[in-house]
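For reference, the structure is listed below as structure tokens.
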Amino acid sequence: MSQPSYRPPALASLDGAREVIDGRYELVDVLGRGGMGTVYRAIQRPIEREVAVKVLRRGFGGEEDRRATRRFLKEARTIAGLHHPHVITLYDFGETERGDLYIAMELLPGRSLAELLVSGGAMPLARVVHVVDQVLDALHEAHVHGIVHRDLKPENIQVGRRGEIEDFVTVLDFGIARDTRREGVSSSSTTIEVAGTPAYMSPEQILGSAIDPRSDLYAVGVLLFELLTARTPFVTERGVEMYTAHLRTAPPRLKDVAPALGTVAGLQDLLDHSLAKAPADRFGDASAFRRALRSVGGMAPLGARRQTTGRASGVASVNDDGAQQPTGFELVAAIEPADAPGAGELLEQWALDLAEHGGTVRERRPGQIHASFPVTQSVTAALRAALAMKARTRTQRQATFRALYLRVGIHAHRDVASRLCEEAPRGSIYVGDACLGGRDADVADLRFEPSGELRIRGLGKPVRMLQLLSGR
């Protein structure tokens, strides 16, 4: 019996009008096509926001259709559960008038790492450290939530400019990710599941064995090797040979494929550790990998180095005579959406929360408020003000049934606090931690976790820190 053919949504009807799906998303052009469907550039009506809309390719019939639907739903749930600046943001999920499922996501600037490798070849070490550090940051967030990506490769990593940050990284495509909290580390089925892209698969992934976050870290090792040399460790067009190489063959030495890098202190050891055949011989988690990456050759991520020189360090300003002058803390908070009914009233209530905790409101804009805290106050005061604002926002949302959300950035300098606020997922508080060293009157109330979380005495939930901008 012939299978029904799939026809992706047209970009224009006979009268020249673009197709609008679900009454909200006007399809503009095709960004890409894959095995599961088509990704479109679209305009979200009526707010005129550019988005990426992924429409599930269905119509295969039977079990294949059901499997594709389950995978699509799992991808939507996975992305929706992750809130991190280096993980793509999910806006919406729904069904078109013709019954096709879709995901609406942020439309990212820039190009994929795969495109950058094709056009520019191998990258300088400093740029590689900057990019891979962000990839590991995103993976740490996923792994903390029990998510193993399983298909990390250059095509699934987008690189573009975000504010003043060059090469800002976003990890995409969680379509075959495994939620180890729900599914366990391996399938309970007697059928061996081999999922991923052969050139980047870990040995345990190839064997269908139990996997954990260290499988993703192997893929990062492959990616690191490729960014440095413009080739993957193993090069063959035959899948079986690729699998065998991952299982049995030692990766080539840097001195043989990129002699200039062979002398960089610690770099070969870093690759050896990340590409170890046995998971137990690799880095234990993404944070450990990041620390080792940053120590290679005395390198540090570009964004981090930018925050550790001059005034941008966040620790103190500098007078004309060179003496350091302590500064206070800046807090920038935004309501999403800025034009929501009741947003102005909520801003007034936020101002009261800020004043109660020692802050001074410096500026108000539609949907945004900026306050400063004097040097005599600890950053804990700003954090407690932000948490009070968050609780007030949640109360108003529950009372009015309106979708109101808070974003907060805290740093010793306003421009950084503003960027932290912009990068924070809705409902989040981000803190630049480079400004905390040694100046807090009640620093005993604060504890930094290796995971990049800031815990405050008396609070059950940690506050997230944006490490790239903070300089750690």
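FYI, it's all coordinate maths here, none of it is from the lab. Just so it is clear, the structure is predicted and the values come from calculations on it, not from any experiment. Every residue, glycine as well, gets a Cβ built from its backbone with ideal geometry; the counts of neighbours run over all protein chains shown.
The table that follows gives values for the structure above.
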{"item": "Within-14-Å neighbourhood charge of PRO203 [Cβ basis; K, R +1; D, E -1]", "result": "+1"}
{"item": "Proximal aspartates and glutamates to LYS277, defined as alpha-carbon separation beneath 12 angstrom and excluding residues fewer than eight positions away on the same chain", "result": "GLU204"}
{"item": "Ranked by how many other beta carbons lie within 10 Å on average, peptides 63-72, 139-148 from highest", "result": "139-148, 63-72"}
{"item": "Net charge contributed by nearby residues that have their C-beta within less than 14 Å of LEU354 (K/R +1, D/E -1)", "result": "0"}
{"item": "Between segment 81-146 and segment 225-301, the alpha-carbon center distance in angstrom", "result": "22 Å"}
{"item": "Distant alpha-carbon pairs in segment 20-106 (separation over 21 angstrom), percent", "result": "28 percent"}
{"item": "Segments 150-160, 105-115 sorted - mean Cβ within 10 Å per residue, highest first", "result": "150-160, 105-115"}
{"item": "Segment 335-413: chymotrypsin sites (Phe, Trp or Tyr not before Pro) falling in loop per DSSP and having at most 16 other Cβ within 10 Å", "result": "PHE401"}
{"item": "Rule-of-thumb Rg ratio for segment 111-306 [Cα; 2.2 N^0.38 Å; N residues]", "result": "0.98"}
{"item": "Surrounding net charge for VAL53, when Lys and Arg each add one and Asp and Glu each subtract one, Cβ distance under 9 Å", "result": "+1"}
{"item": "3J(HN,Hα) from dihedral phi, segment 219-235, Karplus parametrisation 6.51/-1.76/1.60, rounded to Hz, x for glycine, proline", "result": "4, 5, x, 4, 4, 4, 4, 5, 5, 7, 10, 6, 7, 7, x, 10, 10"}
